[in-house]
Every structure is written in structure tokens, then in C-alpha cells.
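Since the structure comes first, as C-alpha cells, the remarks are kept for the end.
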Amino acid sequence: MSADASPKSDRLQLNRDADQSPPSSLGKRISRIVFIALLLDILSFTIILPLLPRSLEAYKLREGSDNTTLLGWTLENVSQLREIILTKAGPRASHFLQQGARADLVLLGGLLGSVYSLLQCIVAPIIGRAADRFGRRRTLMFCMAGNIVWTVLWVFSYSFESFLVARIIAGLSEGNVQLSTTIIADVTDPQTRSHGMALVGIAFAVGFTLGPSIGAYFSRLSLESASSSGVLGYAPFATAAVFSLALLLTESLYLYIKLPETLDFSKSKATAAARQIPESSDTLVEQDAEETLNVSEKNEQQQLRSHQNQSAKRILRRLNYIHFGYLFFFSGMEYTLTFLTHDKFNFSNAQQGKLLGFIDIVSTLLQGGYVRRVKGKSAHRDKSLVAQGMVGCAVGLLSIALCCINAESKEEAVGQPSWWLWAGALGFAVASATVVNCLNSMVSLVGAAADGSASSTGRKLGDFRSAGQIGRALGPMFACSLYWLSGAASCYTVGTVAVAVITLTFVATIPANPEIDSKKKTC
């Protein structure tokens, strides 16, 4: 590794930048770098999403119905599970489940998504602690290396087994989103924290809007090998994988050239500010007075600081539980939305794409035009935006439940969607634009309150992301089971009540400013 890439030289470069640029302008520049890199990363990540069921179908055609292969054995068990659900559901059975082999492939794709989230749950705390110990930049470049490795394996994944290995490496390597939020927490102050976190949400919304379309386009360009070898052959839709690899290589080069280390950014900013303020006689007097504090006063301060740390840690645990519960229901209900539109309204792929695109576009507009422009103290603003997003999610789920009740009350098996469905999509967009990003902002602020510094921000954001990924992994399985066994209306009604309870819990148990709240309790 060259000297330029070492943490020491990165921090020296950051100190030089802090001397040459105002701290706020340097933070904005780093935030823009993170946004551009994250957008490239999410575009690369989302390219595979529309291709996953078709890729599994292609692997099935290649490997046939041989139950001795991993794919054949897995599909056989998925099919048995689907038949059990159909039997238990009876007349309420989803039309989607009656599609046989096609439904099995979609369910297998969902299972792979849950495995990916579980891997993220395992690795997120490790990445967070590595970022605190070795630096944000070095850890991010290590994650980029893993992303490149898995994408190369994807290009040459002729068999399902090799594709599965590639996806496991992907789940263990993806730390870009987590590290992006950590870097933004480093370079923003409490007043601009949620504005910076909104950039992450914008990158997500734009990436999820454009990425699947790009993947669908490149899937038409054939790169498949005529070789029957499982070693040298290309993966299905390998052209899309090559384009994804090109995006990751571009992102890696961009980060290597542009991104400085930000682990000590707050210290560098304070040093630069101190150099601009001449030391006055009043300052010297205050320092002398501080040095003459008696032992009992110092002990009181230590006790006060200990109480504040304990209070902040309790709040962090509550935020982790709330993040898990919220994403458990939100991701689960979001996952069943495509089943609903297929069963009740016979949506085509284009119509489903239009509905999901509406959610992403509205979410982008809200984050750019509303979240980043809301005024007020950061902590109060974040809590207010999270509460608004959770209420929007609950109202959206209620709208979809009413849409299901309206559809089930009609005599025809398949009807036209009412405006309730689009109202529900609007609620999902409001939630996507506000909740997770502002929760990240709150966690980063509570983390600083707990330690008095930002030195463990990576660890706290890593633990927070891990809790959310558990919810993302388990939520779709729970929601699908409820949807298929109890019906769509019952599923979304349960989701509405659950999100409403989580909202009330959040408002009642999470203070707007944990640091001030802990001081009040100890005075």
C-alpha cells in the first residue's frame, strides 16, 4: 500500500484541507463526494434486482430438474412449502401461489434477499468497529474490493452454486451505505446533520428508480458463453454484470482520488477554529479557574458524565429496537405489495414498475424539496420528521387495507385499483423519505452525547444498521405468511396497527434531545 493511502497521511491531508478551507465548505465538499459515490454504488446494486427471477429461471433451464444439484433441491423444498401454504389458505389462497414453478422462483429470489439481509446484520457491527479503529476511508476501500470481487464472480457464475457464493460475498462486503452515513455524521454539525443524511436517501431513491431500468436494458445484450463448462462459462445476463462492474471500478477510483479520511474531522475542525481565535486574557483566567477546581467538584462532574452516558446508551438501545420493529413491518408490507397488485388488480410488470417508480420519485422530491429544507433545531427536527414518516406509513397501510376491503367486496375476481392504492403508495413514499435517514441522524447525535466525541460513531451506526437488517430479513417472511394465510386486508390491517404502536412508542420514549434530557434527570 502506498504512503498516500495510509491513515496518517489521510489525516495530515485533512488537516491541511481544514487549514485552507472553512470547515463548513470542506464538509459540504466531502458530502458531495459521498453522494456521487453512493449513487454509483446503488445503481450497481439495483441492476440485478429485475434480473434475479429470470436469472434463477435460466439456471433452472441449464441444470434441469436434477434434485441432486443445490438449485434443484432448494426448488423442491420451496415447492413443498408453497403447497402447504396453499392447502392451509384454502379459498383465500393467493393467485400468485397458484402459478406453480414461476411462484417457486420468485419465492427463492425473496429467500436470497433475506439471506443477504442476514449477512448484512452480521457484518454491519464489524464494519462499524473497523471504521472507528482503522478509519472510514480504509474500511470503505476494503468494502469496495469485496464488491468488485463478487461482481467478477457474478460475471462468470455459470452455475447456481457459483452465483450463490457471489451473493454471499456481496452480503458480507456491502458497507457503503453504512460508511456513507458515518462519514456524513463526521463532517456535519448537529444543525446540518439531517440535511446531510437526506443525501443518502436521495441517492437511494434515484438509484432504485434508474438501476432496475438499466439492468433490464443491458440484459438484452447477450454475452452468454456457448461453453457447457461450469468454470469458464458466463452467467445469465452477464452484460448487466459487466456494466455493474464498470460502475464499481469507477466508484473505487473516484473514492481513492477524492475522499479524505474523516475519522478526526471534528478534531481538525476545532483546531482550525481555535487557530482563528486569539487567546485572550479572559480565556487564560478561565483556564486557571478550571485548574483550581477541587476534587469534590471534579467527582461530581464525573458522576454527571457517567449518568449522561448511561441515559444515552438506554436511548440508543430503544432506537435500535424501534428500527428493528419499524423495518420488520415496513419491509414486509412493501414486499407483499407486488403480490397484492397481481392478485387483486392483475397488474403487468410495467404497471407494477409504474407504481414502484411513483414511490421512488415522490420520495426523491420530498427529500430534496422538504426534508433538506425543514428548519429548526436538529434533534427536534429529526424527531418530528421521523414521527411524520411513521404516521405517513401507518396511513398508507390503512389506505391499502381499505383498498383490499373494497376489492374483496366486489363480485369480480379482478378489479380496477381505487385511489386508495395510490394513497397507500404516497404514504410509503413519505416514510421512505424521512424515517430511516432521520433515525440515522438521531443515532449519530446520541452517539456523540454518550461518548463526548464522534470516535465511536461507526460502532453505533453499525449496531443500528444491524438491528434494521434483522427486520428486513424477517419482515418479508412474516408478512408473506400472513398475506397468504389470512388475506390481504388482514395483513395490511395488522401492519397499520403495528406501525401505529411503534410510532406512539417512539414519540413517548425517545426525547428530542437526549443530551439535555439526561442532564435534567441528573440535576
With all protein chains present, the stretch 309-389 has a carbon and sulfur share of its accessible area (1.4 Å probe) in percent of 57
Note: LEU49 to VAL507 extended length (0.36 nm per residue) minus current alpha-carbon separation gives 161.4 nm
Checking rank on 385-397, 315-327, 433-445, with mean other Cβ inside 10 Å and highest first, the result is 433-445, 385-397, 315-327
In Å², rounded to a whole number, the accessible area per residue of the stretch 128-215 with probe 1.4 Å is 32
Once ASN349 and ILE84 are pulled to full extension, the length gained, defined as 0.36 nm per residue separation minus their Cα-Cα distance, is 92.7 nm
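With the full set of protein chains in place, find how many percent of the accessible area of the stretch 106-158 is carbon and sulfur; take the probe as 1.4 Å.
Accessible surface attributable to carbon and sulfur in the stretch 106-158 totals 79 percent.
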Over 31 Å (Cα to Cα) among LYS354/LYS460; LYS60/LYS460; LYS60/LYS344 -> LYS354/LYS460; LYS60/LYS460
Extension length gain for SER481 and SER384 (0.36 nm per residue less Cα distance), in nm, is 31.6 nm
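The values are calculated or read from the model by the stated rules, or taken from the named source; none is laboratory data. Model, not experiment: these values are computed from the prediction. Backbone-built Cβ (ideal geometry, glycine too); neighbour counts: all protein chains shown. Only protein heavy atoms, including side chains, enter the accessible area calculation; ligands, DNA and RNA are left aside. Shrake-Rupley method; radii C 1.70, N 1.55, O 1.52, S 1.80 Å.
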